[in-house]
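Undergrad: Quick one: the structure is below, and I'll ask about it shortly.
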Amino acid sequence: MFHRTILSPIMFPANPILVSAILVVGSFLIFRLLSRTSLLFNLKKWWRLLEDNFHVYQFYKVPQFNEHMQENQLHRKIFTYLNSLPSVEDSDFTNLFSGNKSNDINLVLDSNQTLLDTFLGARVYWVNEKLAGNGANTLVLKIRKKDKRRILRPYIQHVLASFEEIESRKKEVKLHMNTVPEPEKNGRWTSVPFTHPATIDTAVMDSDLKNKVKSDLEAFLKSKQYYNRLGKVWKRSYLLYGPSGTGKSTFVAGMAKFLSYDIYDVDLSKVADDTDLKLLLLQTTNKSMIVIEDLDRYLAAQSTAVSLSGVLNFMDGIFSCCGEERVMVFTMNGKDQVDPTVLRPGRIDVHIQFPLCDFSAFKNLANSHLGLKEHKLFPQVEEIFQTGASLSPAEIGEIMISNRSSPTRALKSVITALQTNSDSRVAASKVGQQLTGSASGRSVVEETGDTGLFCRESVHTVREFRKLYGLFRRSSRKESIDLDSNEKENSRHERRESLG
């Protein structure tokens, strides 16, 4: 008999646990293989496109600028929020920027990229579109219509609350400048992080005055309801006036740090006309400090670009009401020659004088720059100050910085500079008496225009002081004491006479 051999197929074990394990391991290996290629990414992309075809979406645009080229604050807040999301790293293109600290890296969404966010179980998409016409960016929100009524308003409130939390966490103060090319396309302000280390406490100023300024600023921050009850715009204006080198600009930096306000530094020489100045004001934000430095010099120059009326309207006109919680700061070298209408209450609320250095300010400088609270040379310095000698805090501070390795040498250098200044004042006083005592004194006076008179003797003394003071500083530093234009004219006249 013949026996037939029956070949049966290979039988796999019927154990369900083993089958499940084999499927899991197989799926894991396939996923690992796909994750190392672009195939998985493309599969996800194709799946999203397929899924989009089964839903109806609503689109909302958030432009960067409005029709008047004013910055849309909602765009700025949403863009800050989007750049804080972890999903920004998953976009195809992401810009890398350095932060305030050397080891900080900021990720910023690139143009024409899509970002996914989730809120209350719903998916929302943001697209950062760049317009071809003016180059401005527009954020486009894509949300399913069935989710629109349920999450749109709560989601926007969530974005704004997240922005406030981000801003309070980083507390970054920015400096804005009106030096932007083609403002019709790029807006009128460009900004950089403001990292000035100055504070109100480090200012060379009487401690009681510093406390009064801080109290006034703190009261302003808490006075929104009070200003509203009075029907006044919630803003405050300060005038800082005094000679060059007395610390006005440094004090502005300290005020901004104290308030945590952005600074808008208005360069009037870059302003086309009164209308352009108004548009600059419209593009500033709330919680900001608007600064115009050396306003007296600009008004004295009688520029045809921005008129006095334009400046006055900038300070307290109708356009100054387009915003609140603002502090305006103006600096001047002196206010005696300024039109009184500029200085009246309402345009200037607080006047703060920055005088030349006295003995009390000198002691503060010696403590901060040299670490000296007392020294055997202090009585001699005080005696020279009592004779009327004076220098600016910047001049004395520079002498101390240049000689900080030897405090005694630094004090001796300050004494020499003060004595030279005192001698020049005495010489100028004697010549002034001669001019008032006899008409013949007019023969030694050089013509200096309408701003003042300088005699030959005083020019020699001042020029010698400048040379002596220059020896106390490093040769690499730029001279901080500038000759007045009148002195320069006299010096040139004297050189011509000596050559003749």
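The values are calculated or read from the model by the stated rules, or taken from the named source; none is laboratory data. Source: prediction; values computed, not measured. In this analysis, Cβ positions are derived from the backbone assuming ideal geometry, glycine residues included, and neighbour counts consider all displayed protein chains. All accessible areas refer to the heavy atoms of the entire protein, side chains included, with ligands and DNA or RNA removed. Shrake-Rupley method; radii C 1.70, N 1.55, O 1.52, S 1.80 Å.
Undergrad: Sort Thr202, Thr304, Thr94 by accessible area with a 1.4 Å probe, largest first.
TA: Greatest to least solvent exposure: Thr304, Thr202, Thr94.
Undergrad: Show the residues, 5+ positions off or on another chain, whose built amide H is closer than 5 Å to the amide H of Leu372.
TA: HN-HN under 5 Å from Leu372: Asn367.
Undergrad: Mind checking which of Phe119, Ile166, Gln64 is farthest towards the positive end of segment 54-170's charge dipole, using Cβ charges of +1 (Lys, Arg) and -1 (Asp, Glu) about the Cα centre?
TA: Phe119
Undergrad: Right, next: May I ask which residue of Met205, Tyr261, Thr195 lies farthest towards the positive end of the charge dipole of segment 174-353, with charges of +1 (Lys, Arg) and -1 (Asp, Glu) on Cβ and the Cα centre as origin?
TA: Farthest towards the positive end: Tyr261.
Undergrad: Continuing with the same structure: Leaving out ligands, DNA and RNA but keeping every protein chain, what accessible area does Ser207 have, in Å² rounded to the nearest 10, with a 1.4 Å probe?
TA: 70 Å²
Undergrad: Treating only the Cβ atoms of Lys and Arg (+1) and Asp and Glu (-1) as charged, compute the dipole magnitude of segment 268-328 about its Cα centre; round to the nearest 20 debye.
TA: It works out to roughly 100 debye.
Undergrad: Please list 154-164, 16-26 highest first by mean number of surrounding beta-carbon atoms within 10 Å per residue.
TA: Listed from highest to lowest mean packing, they are 154-164, 16-26.
Undergrad: Moving on. Got a sec to turn the phi values of segment 276-288 into Karplus ³J(HN,Hα) couplings, 6.51 cos²θ - 1.76 cosθ + 1.60 with θ = phi - 60°, whole Hz, x for Gly and Pro?
TA: Whole-Hz 3J(HN,Hα) from phi for segment 276-288: 5, 5, 5, 5, 4, 5, 5, 8, 8, 9, 5, 6, 9.
Undergrad: Continuing with this model, one more query. Compute, for segment 174-353, the length of the dipole vector about the Cα centre, with Cβ point charges of +1 (Lys, Arg) and -1 (Asp, Glu) only. Units Debye, rounded to 20.
TA: 580 debye
Undergrad: Hey, can you grab everything whose amide H is under 5 Å from the amide H of Met328? Only 5+ residues off in sequence or another chain; H modelled, so Pro and N-termini drop out.
TA: Hits under the 5 Å cutoff: Arg236, Ser237, Tyr238, Ile290.
Undergrad: What length, rounded to one decimal in nm, is gained on full extension from Ala305 through to Leu282, with 0.36 nm per residue of separation minus their alpha-carbon distance?
TA: 6.4 nm
Undergrad: What accessible area, in Å² to the nearest ten, does a 1.4 Å probe give for Ile415?
TA: Around 10 Å² of this residue is reachable by solvent.
Undergrad: Residue-wise, which Karplus ³J(HN,Hα) couplings in Hz belong to segment 311-317, taking 6.51 cos²θ - 1.76 cosθ + 1.60, θ = phi - 60°, and x for glycine or proline?
TA: 5, 5, 5, 5, 6, 8, x
Undergrad: Right, here's the next one. Would you please give the residues with an amide H less than 5 Å from that of Phe119, counting only those at least 5 places away or on a separate chain, with H modeled from the backbone geometry?
TA: Val124
Undergrad: For Val19 and Ser84, compute 0.36 nm times the residue count separating them, minus their Cα-Cα distance, and round to one decimal in nm.
TA: 19.0 nm
Undergrad: Here's something else I'd like to know. Work out the length of the dipole vector of segment 54-170 about its Cα centre, built from +1 on the beta-carbon of each Lys and Arg and -1 on the beta-carbon of each Asp and Glu, and round it to the nearest 20 debye.
TA: Rounded to the nearest 20 debye, it is 660 debye.
Undergrad: For Asn95 and His375, what is the calculated FRET efficiency with R₀ set at 51 Å and r taken between the beta-carbons, to the nearest 0.05?
TA: Efficiency at R0 = 51 Å is approximately 0.40.
Undergrad: I'd like to know which of Ile290, Cys321, Ser223 lies farthest towards the positive end of the charge dipole of segment 221-348, counting +1 on Cβ of Lys and Arg and -1 on Cβ of Asp and Glu.
TA: Ser223
Undergrad: I would also like to ask the following. Normalised by the number of residues in segment 54-170, what is the relative contact order in percent for Cα pairs under 8 Å and 6+ residues apart?
TA: Rounded, it is 29 percent for segment 54-170.
Undergrad: For segment 183-280, run through the trypsin sites (Lys or Arg not before Pro) and keep only the ones in DSSP coil with at most 13 other Cβ atoms within 10 Å of their Cβ.
TA: Passing both the DSSP loop test and the Cβ count: Lys222, Lys232.
Undergrad: Taking θ = phi - 60°, what integer Hz values does the Karplus form 6.51 cos²θ - 1.76 cosθ + 1.60 yield along segment 108-121, in sequence order, with x for Gly and Pro?
TA: Karplus values, whole Hz, x for Gly and Pro: 10, 4, 7, 5, 6, 10, 10, 10, 9, 9, 10, 8, 6, x.
Undergrad: If the chain between Tyr227 and Lys61 were fully stretched, how many nm would it gain, using 0.36 nm times the residue separation less the Cα-Cα distance?
TA: Separation in residues times 0.36 nm, less the Cα-Cα distance, equals 56.2 nm.
Undergrad: Given points 7 Å out from each Cα along the Cα-Cβ axis, report the Ser162 to Thr387 separation in nanometres with one decimal.
TA: 6.8 nm
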